[in-house]
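This report refers to the structure that appears directly beneath it.
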Amino acid sequence: MNMEIQRAAGKPLKVLDRQRAIAEALQQFTRLSSVIDRKKGVRSYESHVKDDPWIPILFALCFVLPVAIGGLYYGLIVSDRYVTETQFAIRPAVGSAEKAAPDEVGTNSGTVNSTVAQDSLITLGYIYSRAMLETIEAQLPVREWFSRDSIDYFSRLDPDKPIEKRLRYWKRRVAADVDSVSGVMSLSVEAFEPGESLAITQAILKATDEMVNGLSARAREDAVVESARELKRAEERVQKINTALTDLRNRAGVLDAVRSNEATLKTISDLRTARVNLAVQLSVGQRDLGPAARNIIDIKQQIADLDTNIARLQRESAGEAPEQKRQLSSALTQFEALENERKGAERYAESARKANERARIIAARQVQFLSPVVAPVKPESSTEPRRVLMISLITAGAAVLFAAALFARKLMVS
């Protein structure tokens, strides 16, 4: 305003006022240019849309049609699915820790060669396998459950399809996973009725439990057979040694000689004990009585008789011929060797008997079982499909598809 008054009065403008006026003029020009460009761009876009008839078609095909179909299917057609979830871990039976080491016999009858991680991965593959599907189909009417007319066409199973196609359908209804750190397995089963979902889950757990125990069944059966064979060999060895001992006794009379020698030595020992007692009595009696006393004379006579008998028994024991002594010594040496061998064989046979009994006990019982972490329960409401989520994803995907179509169309036109 001041600049206009100064120009009207014919006064010269100051340098500061002149710069301010130039800045205001540039700002007004910039605003006017942006408005013109915006209007021009809008008009250009509108004219481009009006000039290109494929854009509405692309919008209808790439956005409207997928959203409409997805909303119709997930909003009105798709069947509700009920999900039963459970978590479990493979655990060894209580008291099986001692089975980690081989037994004394060496048959490994007590060992259950099982690795939890390996068994978990085997179980994971078994749940998705054809063997599991055949087992479940033999126990439950899953074909009828998944092929009812009330189920939508795209979620329904064709019961007349071969096992390979049914296995693909089975893998879409069953999901299993294993935690690599804890070894806990997760299992979820989808069905179109709550009770059916629970029944299928329980059947899978039962079949899995039987399969896990079947992994070591052959090893346990082999352990029973091997331990029984080893026990038979040990018993035959004991019987053979006993026969050899009997033959040695009958041939060389070792048993009579040994028993006779033992009896002689025992008699000599008893006589020497009695002589010591009489010698003590004689020593005590001589302090009070004279040597002519009747008791002193009787004790001396008894001591003399004992000395005579001891000398006679010693002469009889040592009076054998040298050849007879050598034969007896050789027979005794053989007898002692066979006797020691018999004792070792009997100990080994006892160990083999215990190993066989242990193997039979392990083979007859369950060595592994599924320990439930989260027990399966009957679902009360359907959790699949997630209708709002699926429609939102389809809408987002359709928008991306339409944008890509517009970009491709622009490249084609330019």
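The values are calculated or read from the model by the stated rules, or taken from the named source; none is laboratory data. What you see is a predicted model, and the numbers here were worked out from it, not measured in a lab. Note that we place each Cβ from the backbone using ideal geometry, even for glycine, and neighbour counts take in every protein chain shown.
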TODO: Test ASP177 against the criterion of being in contact with a strand residue (DSSP E or B) (Cβ under 8 Å, 6 or more places away or on another chain), outside any helix (DSSP H, G or I) and either free of Cβ contacts under 8 Å to residues at least 12 places away in the same chain or charged (D, E, K, R) (or both), and give yes or no.
DONE: yes
Task: Answer residue from the range 169-189, given it is surrounded by 15 or more Cβ atoms within 10 Å (Cβ to Cβ) and among the aliphatic types (A, V, I, L, M) and is nearest to THR86 (Cα to Cα) among those - done: LEU187
TODO: Answer yes if at least one residue in the range 118-135 is outside any helix (DSSP H, G or I), at pLDDT 90 or above and out of contact with any strand residue (DSSP E or B) (no Cβ under 6 Å at 6 or more places or on another chain), and no otherwise.
DONE: yes
TODO: Can you give me the number of residues within the range 132-155 that are out of contact with any Leu (no Cβ under 8 Å at 6 or more places or on another chain) and free of Cβ contacts under 8 Å to residues at least 40 places away in the same chain?
DONE: 7
Open item on the list: Name the single residue that is farthest from ASP119 (Cα to Cα) among those in the range 141-151 being surrounded by 14 or more Cβ atoms within 10 Å (Cβ to Cβ) and either within 34 Å of the chain's Cα centre (by Cα) or not hydrophobic (A, V, I, L, M, F, W, C) (or both).
Closed with: SER147
Open item on the list: I'm told GLU98 meets every condition in (1) outside any helix (DSSP H, G or I); (2) among the acidic types (Asp, Glu); (3) modelled with pLDDT under 80 except one. Can you identify the failing condition by its number?
Closed with: (1)
Open item on the list: Given the options LEU187, LEU167, name the one that is in contact (Cβ under 8 Å) with a residue 40 or more places away in the chain and of a type outside the set (Asp, Glu).
Closed with: LEU187
Open item on the list: For the range 369-392, give me each residue that is at pLDDT 85 or above, part of a loop (DSSP other than H, G, I, E, B) and among the small types (Gly, Ala, Ser).
Closed with: ALA375
- [ ] Please go through the range 193-251 and pick out each residue that is of a type in the set (Val, Ile, Thr), more than 30 Å from ARG360 (Cα to Cα) and without any contact (Cβ under 8 Å) to a residue 60 or more places away in the chain.
- [x] THR243, THR246
Open item on the list: Going residue by residue through the range 190-212, is there one that turns out to be crowded, with 19+ Cβ neighbours inside 10 Å, assigned to a strand (DSSP E or B) and not hydroxyl-bearing (Ser, Thr, Tyr)?
Closed with: yes
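Would you say ASN242 is under 25 Å from LEU338 (Cα atoms), surrounded by fewer than 16 Cβ atoms within 10 Å (Cβ to Cβ) and at pLDDT below 75?
no
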Task: Within the range 387-414, considering residues that are within 44 Å of the chain's Cα centre (by Cα) and surrounded by 12 or more Cβ atoms within 10 Å (Cβ to Cβ), the one farthest from GLU196 (Cα to Cα) - done: GLY397
TODO: Considering only residues that are small (Gly, Ala, Ser) and under 24 Å from THR267 (Cα atoms), look in the range 289-340 and name the one that is modelled with the highest pLDDT.
DONE: ALA304
